[in-house]
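*Asks:* The structure is given below, and queries will be raised subsequently.
Bear in mind that the values in this text are calculations on the coordinates, not laboratory data. Fair warning: this is a prediction, and the values are worked out from it, not measured in the lab. Cβ coordinates were reconstructed from backbone atoms using ideal geometry, including for glycine residues, and neighbour counts include every protein chain displayed.
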Amino acid sequence: MRLNGAPRRAPEFPTDLEHDRVEVDGKPVDATEKIYLALNKPRGVVTTASDEKGRKTVYDLLNGRESWVAPVGRLDKASEGLLLLTNDAEWAARVLAPETHLDKTYHVQIGTVAEEALLTTIARGVRTEDGDMLRVKSACLLRKGVRNCWLEIVLDEGRNRHIRRVFEALRVQVLRLIRVAIGPLPLGQLPKGSVRKLTAEEKEVLDAAMRVNSRRPKANPARPLSSAKQH
C-alpha cells in the first residue's frame, strides 16, 4: 500500500479517504460515495433486506439502481410514508439518536372520532399491556368523518410500533398510518413506491436541525393538547 506516495506496511495505519491518496497494487482506492435516499414506502412492503415469507421488501423498490444502502429506522409492514436509506452509518445513527430530538410526523386515521379527552390521554401517556409508558410529543385533529378521523401525531422518540401500541392500549383501531416528515424534511409529492436522492440542501437542513436540537433540553411531553392543528 502507498499513502500519499509513501509506502506503508501497517494495515491499521490511519487514513482519511476524503483527503489522503491511497494506492493498493498501484491502483487508487477511492472513498465510497455517500448516498442519501428518500423512499415513499407503500403499505405491505417490509423494511428488511430479505424476507423469509417472500414478501416484497424496500430493496425491491430500489431495483438495484444504487450502491448498498440501509434503512434509517423502520416502518412496519402496514405503515406507509417517508423512509430514509443511506450507506452513511454515522449519519443514520445521528438521525435516530434521542439526543438530536429529530421529530417524526405522522398522519394517522383511526376508527373513531377523537375527542379532546383522547388527545389529552395520549399526551399524558398510555401504559401498554407490557408495562411501557408511551407518549406523543403532540397530536391534533386534521379532519373527521362520521365514524373515523385523521390525526397528525408528532414523536420525538421512536419505540417499536409506538403509535400503534398507544392506540392498541386504548382499544382504538388504526386504519392507516403514514409518516409525512422526518424533522424538517417532508414526504412531499414523492409518488408511492418511488425513491429519490436527497438534494444537498435537504441534507444540510436535516444536519442543521440535528445540530440545533441536540443543544436544546428536551421538553416535558406531558402537556394538554388542542384539537386545533398546531404548527
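*Asks:* If we count other beta carbons within 10 Å of each Cβ, what is the order of SER194, SER138, SER79, fewest first?
*Replies:* On the way: SER194 12, SER138 21, SER79 24.
Listing SER194, SER138, SER79 from fewest to most nearby Cβ atoms yields SER194, SER138, SER79.
*Asks:* Let me ask something else about it. Near the amide H of ASP88, under 5 Å away, which other amide H atoms are found, from residues 5 or more places off or on another chain, if H is placed in the peptide plane?
*Replies:* Result for ASP88 returns ILE35.
*Asks:* Please arrange CYS149, CYS140 by how many other C-beta atoms lie within 10 Å of their C-beta, fewest to most.
*Replies:* CYS140, CYS149
*Asks:* Separate question: Ordered by residue, what ³J(HN,Hα) values in Hz, to whole numbers, does the range 35-44 give under the Karplus form 6.51 cos²θ - 1.76 cosθ + 1.60, where θ = phi - 60° and Gly and Pro are x?
*Replies:* 10, 10, 10, 10, 10, 9, 6, x, 5, x
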